[in-house]
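Below is one structure, written out as structure tokens; the observations come after it.
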Amino acid sequence: MNEFKRTPKPRVSELPIAAIIPEPGNSKYYSTGDWRSVRPVINKDKCTGCSLCWVYCPDTAVIKVEGGKYDVDLNYCKGCGICAEECPVKAITMVEEGED
Amino acid sequence: MECAAAAALAAKLAMVDVIAAYPITPQTHIAETLSEYVANGELDAEYINAESEHSAISACIGAAATGARVFTATCGQGLALMHELLPIAAGWRLPIVMVNTNRSLSPNLNIWGDQSDSMASRDCGWIQFFAENAQELFDLVIMAFRIAEDERVQLPVMVNAKGFYCTHVIEPLTIMDQEEVEKFLPPKKIPKYALNPDNPTTWGCVAFPDVQTEIRKQWDDALRNSIKVIREVFKEYGSLFGRNYDIIETYRMEDAEVGLLLMGYACGTCRVAVDALREKGEKVGMIKLRVFRPFPFDDLAAASKNLKAIGVFDEAISVGGVGGPLFGEVRSALYSLERRPKILGFIQGIGGRDIKVDDFIRAYYEIKSVLSGEKRIENDFMFLQVRE
Amino acid sequence: MKEMFEVRWHGRGGQGAVTAAELSVYAAIEEGKYAQAFPSFGPERRGAPVVAFSRFSDKPILIRSDIYNPDMIIVLDPTLFKNVNVMEGLKANGIAVVNTSKPAEDIIKRYNFPGNIKLGVVNATRIAMDILRMPIVNTAMLGSFVKATGIVKLETIINVVKRRFRGAAGEKNAEAVRRAYNETVFVGGDG
């Protein structure tokens, strides 16, 4: 079987048989961060490490960082705001991406 | 108006009795618009939300067998799911009208337009038209009912319109009011033999080997002969509403040496390519097939006279076969011509890949280099847009 | 209008770029012109960059392929510059209209607009927030479209907008169209 190449425009000769994707979990190579027009900012001082933001994020874009706290993987965050909504101590604010 | 909305409006003006459909992108706007018409009372019809396309076409068949005027829409996997019933709809001589929004067959999962779905059903005995734009789609749907219901025809009609490029495009549309449409398309007559407990008939009974052949021939004769009715109806429509349609339409073919032959939405873009090539002094024109079934042998032979070559453009491939399905059929149809043009096939637009003016121009120069002997194309057909 | 005028609208799913392209075409058709509108076809996804197209002509439009060399681009969301090459294929001496809170000079410098492009800027987000209380800028951008090209009359766009959005919403959106028309400023190009 052809080695799977992560290219948006593969050649006939580069396609795996039946155009299957032989590599598990490869959706991580598709960055959806650019869909966002607002992004969550987590105040680490307020964060209690309860992990609810991590539980609720529909995109698994919340990651655990040092100190038992949480932060956002901006490569995937689509800016839905569910984490900010669910945070019990209101440690998360949604900020406009803005033009800068 | 959006192409899909135009198709729905045509079915509404035709005052259909029954609509049975299942949603599938990119047909959805047709089903949604019709269900809105029924819900708000603008169309007095029975709208059946079938649980699958297989059930949808079954409901259409049942309704049509009782004599109702029936409409449905589908495409792609939906049409494929209907497949086992399509010959029944036609073999039972039911004048159902379907808009098929040409969508690529899986695999892979592709919602965009190509002709693989209708081509995979080309032997199912339905009349098949191909529309180029909103106006044609609207007009062909209305004419489809008239043709289908003609006593000399009594066959279902599939009006094909390329997914997205001929469903989701918004463009100008000239319509008629209900009265004008009714003058052209009167209310449906219920045949004497229609399913009715007061006059019982038996449909779809067993046929032994000693009679199936005759049954097929009767059906084939009917589909073949329908071309006369199609021509008549096109003419009448033109005289009533000023839009003249023909079974085959030619563009700048008068002194052409090469013809670019195709069906459907890409004809518009092809005309632009023909103009560009003509500017350079190339003697080329376009042959557009509006009717695919019944196959227009005579019209095609007439349009192909004196040509050195014909490039046939398919948006599908008969996998492992003669190339594009239309290409195979055109070659076969022109085989008995005394002077056969060189016929080459080009496959493009698969899975909704955009067909550009440049694609036609490239194909034309491929044809030229084959004619001059510079080049040979294996099996006489090629994928025009492929990355090998 | 020259033979054919092609416009590419850049937005994010849910911002109404597709509707804006449609309404521009309905307006043109109402004025007796030929026009064609279509989205970049695909499954709709809120927030993802989307593209819509519209063509305008005094003659019937035959071509049905995508637009590769637009005469004009309209950018509904300035954050798109980061993710999408919105200027791809834009014709020399073409027009760009951008929704932004920054001045035109800033946009030109930041995104390397060639001097021969006529650039229009409008703070459509501000206009939409003021009038509609929502950052939906598509109707405002229609006002800018009219000012930039004059392909259709302002009044026709307003009629078409009022028909699409009935009642109070129609009035408000019409106001947004007018205000954007007045506030769009242009630099560069051939004047």
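Quick note: the coordinates plus some simple rules give every number you see, no bench work behind them. Quantities reported herein were computed from a predicted structural model and do not represent experimental measurements. Don't worry about glycine lacking a Cβ; one is built from the backbone with ideal geometry, like all the others, and counts go over all protein chains shown.
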Test of understanding: ordering A:27, C:40, B:118 by Cβ neighbours within 10 Å, fewest first, what list do you get? A:27, C:40, B:118
Where is the GNM fluctuation largest for chain B (alpha-carbon springs, 10 angstrom cutoff): B:216, B:271, B:252? B:216
R0 = 45 Å: FRET efficiency of residue B:306 with residue B:217, Cβ-based, nearest 0.05? 0.80
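Give me the number: length gained by fully extending residue B:202 to residue B:109, i.e. 0.36 nm times residue separation minus the C-alpha to C-alpha distance, one decimal in nm. Before the final figure, lay out the partial values.
Numbers: separation 93, 0.36 × 93 = 33.48 nm, distance 4.07 nm.
Difference between extended and current length: 29.4 nm.
DSSP beta bridges in segment B:248-383, what fraction antiparallel, as a percent rounded to 5? The partial results should precede the final answer.
Details: 5 of 23 bridges.
Once the DSSP bridges in segment B:248-383 are tallied, antiparallel ones form about 20 percent.
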Greater than 26 Å separation of Cα atoms is the criterion. Which listed pairs, A:46/A:78; A:78/C:118; A:9/B:356; A:28/C:82, meet it? A:78/C:118
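Enter the mean number of other protein chain beta carbons within 10 Å of the beta carbon of each residue in C:72-81, as an integer. If you can, show how the numbers build up before the last one.
On the way: counts 0, 0, 0, 0, 0, 3, 4, 8, 2, 1.
Counting other chains' Cβ atoms within 10 Å and averaging over C:72-81 gives 2.
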How many percent of DSSP beta bridges within the protein assembly as shown run antiparallel, rounded to 5? 40
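Could you work out the relative contact order of segment B:3-241? I mean the mean sequence separation of Cα pairs under 8 Å and 6+ apart, divided by the number of residues, in percent.
Numbers: 442 pairs, mean separation 52.5, N = 239.
Taking the mean separation of contacting Cα pairs over the length of segment B:3-241, I get 22 percent.
So between residue B:40 and residue B:388, what do we pick up on full extension, going 0.36 nm a residue minus the alpha carbon distance? Present the calculation step by step, with values, prior to reporting the outcome.
Details: separation 348, 0.36 × 348 = 125.28 nm, distance 5.25 nm.
Roughly 120.0 nm would be gained on extension.
May I ask you to compute the full-extension gain from residue B:83 to residue B:255, defined as 0.36 nm times their residue separation minus their alpha-carbon distance, rounded to one decimal in nm? Don't skip to the end; give the middle numbers.
Details: separation 172, 0.36 × 172 = 61.92 nm, distance 4.25 nm.
In short, 57.7 nm is gained.
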The alpha-carbon center of segment B:280-348 and that of segment C:21-39 are separated, in whole Å, by 35
Name the aspartates and glutamates eligible as straight-distance cross-link partners of residue B:183: C-alpha to C-alpha under 13 Å, and not fewer than 8 places from it in the same chain. B:236
If B:369, B:116, C:65 are placed from fewest to most neighbouring beta carbons inside 10 Å, the sequence is B:369, C:65, B:116
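Quick one: compute the contact order of chain A, relative version, from alpha carbon pairs under 8 angstrom and 6+ residues apart, as a percent. Before the final figure, lay out the partial values.
Numbers: 145 pairs, mean separation 30.0, N = 100.
Here the relative contact order equals 30 percent.
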Under a Gaussian network model of chain B whose springs join Cα atoms within less than 10 Å, the largest fluctuation of B:181, B:319, B:16 belongs to B:319
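Expressed as cubic angstrom per residue, what is the convex hull volume of the alpha carbon set of the protein assembly as shown? Present the calculation step by step, with values, prior to reporting the outcome.
Working: hull volume 141.4 nm³, N = 679.
Cα-based convex hull of the protein assembly as shown, divided per residue, equals 208 Å³.
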Within chain B, which DSSP H helices have Cα atoms that stretch 27 Å or more along the helix axis and a mean Kyte-Doolittle hydropathy of at least -1.0? B:209-241
In peptide B:162-169, what is the residue-averaged number of other protein chain Cβ atoms found within 10 Å of each Cβ? 4
Calculated FRET value between residue A:55 and residue B:28, using beta carbons and R₀ = 30 Å, to 0.05: 0.30
Least to most buried among B:283, B:288 (fewest other Cβ within 10 Å first): B:283, B:288
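Would you please give the FRET efficiency between residue B:342 and residue B:275, computed as 1/(1 + (r/R0)^6) with r the Cβ-Cβ distance and R0 = 30 Å, to the nearest 0.05?
Details: r = 23 Å, r/R0 = 0.78.
Result of the calculation: an efficiency of 0.80.
Nearest-5 percent of antiparallel DSSP beta bridges in segment C:59-191? Mind showing how you got there, number by number?
Numbers: 3 of 12 bridges.
Of those bridges, close to 25 percent are antiparallel.
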